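Taken together, the values in this text are just the output of simple stated rules run on the coordinates, not laboratory data. Just so you know, these numbers come straight off a predicted model, no measurement behind them. Cβ: placed from backbone, ideal geometry, glycine included. Neighbour counts: every protein chain shown.
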Amino acid sequence: MPVPSAFKFLRRAAVAVLALATPALGQVSENVDTSLLETWRLNSGNVVRFCQYESVPTFAFDRAVGQAIADRLLTNTEFLALGASYGIGGEYAAEDLFVTLTNDCDVMLGMGLASGMYPVEFIATRAYVGFPYVLAVADPEIERLTDIAGDRRLGAPVGSYGLVALVRYSATLPESQRWQVLPYGDMDLMTTRLLDDTIAGMVVYGPSLVHYQQDNTIDGEIYVLPLDAQIAARVEIGGLMLARNGYLRTLIDQAIALMVEDGTITALLAEYGFDTLSPAPGGYQ
């Protein structure tokens, strides 16, 4: 899905993710003011420093994953939460991320992964989980997306991968079966319109919906359903590092593989309430 920048997702948690077909990007280091880089810092060797964007809906889960990685590497940890107030195009997010990974941390947790998604200065860990977009409805009689009549409206977050995937899928259907897809910039408003039957369903990033339900009192019942396989809107989540940290990336990948194998990732997904989404420990690949 073409987007102005591979970092579009920094403004919206879901979306990270969501630039799954972004073209490979060029170098960003040449755009960074070198006076901002603290290249004098020494690596202590016994601490892994993790950064996270505080707006990501899996923030607490990602932190627990980071701690579990460090436990397996027998290292101490430091965690730093960062704001992310970039525009929808994510301008300058890549440059800021380069500075952050130089000065403040070794790994940025909770990042969407896809081939060619990031500039050449970055490398990604293997995915530690994959999350789907889901269909949320208020009508218990609806069991799948195709149960919704073609003359009804559906909602999805503006700029999200789920919105694009839903529009593309709808375009393949006969005209009489195509839904009107409405983009929403506000989860509160979209949920309100679902519950007052203005829209028959909403397609949202699963963790964003879980996080919203955990943090808000909702005046009505919302039923969460898997999307049809034809849409296949899914996101793989892992860590992002500077390319020069290849050795640490190898160690982290090994730790993640062990955590997938021994059930640690599965247990953490249940602990933080994401197991109901049918996530994929270790990702979909």
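Residue by residue, segment 53-64 carries 3J(HN,Hα) couplings of 7, 5, 7, 5, x, 9, 3, 5, 4, 4, 5, 5 Hz when phi is fed to the Karplus relation 6.51 cos²θ - 1.76 cosθ + 1.60 (θ = phi - 60°); x denotes Gly or Pro. Residues whose amide H falls under 5 Å from that of Ile123, counting only those 5 or more places apart or on a different chain, are Met241, Leu242, Ala243, with hydrogens built in the peptide plane.
Taking a point 7 angstrom from the Cα of Ala229 along the C-beta vector, which residues in segment 148-167 have backbone N less than 15 Å away? Counting only backbone N, you get no residues.
Expected output is a single nm value to one decimal: the length gained when fully extending between Asp186 and Asp215, i.e. 0.36 nm times separation in residues minus the C-alpha distance. What is it? Mind dumping the intermediate values first?
Working: separation 29, 0.36 × 29 = 10.44 nm, distance 1.47 nm.
Result: 9.0 nm gained on full extension.
Extension gain, Leu251-Thr77: 0.36 nm per intervening residue step, less the Cα-Cα distance, totals 61.2 nm. For the pair Val47 and Val167, label points projected 7 Å from Cα toward Cβ lie 4.6 nm apart.
Dipole magnitude for segment 132-226: about 480 debye, using +1 per Lys or Arg Cβ and -1 per Asp or Glu Cβ, origin at the Cα centre.
Take every pair of alpha-carbon atoms less than 8 Å apart whose residues are at least six positions apart; their mean separation over the length of segment 132-226 yields a relative contact order of 49 percent. Using C-alpha pairs below 8 Å separated by at least 6 residues, the relative contact order for segment 49-205 is 23 percent. Annotation: amide H-H contacts under 5 Å for Tyr53 (H modelled 1.01 Å from N, sequence separation of 5 or more, or interchain): Leu82.
Close amide H pairs (under 5 Å, H built 1.01 Å from N) link Arg234 with Tyr133, residues at least 5 positions away or on another chain.
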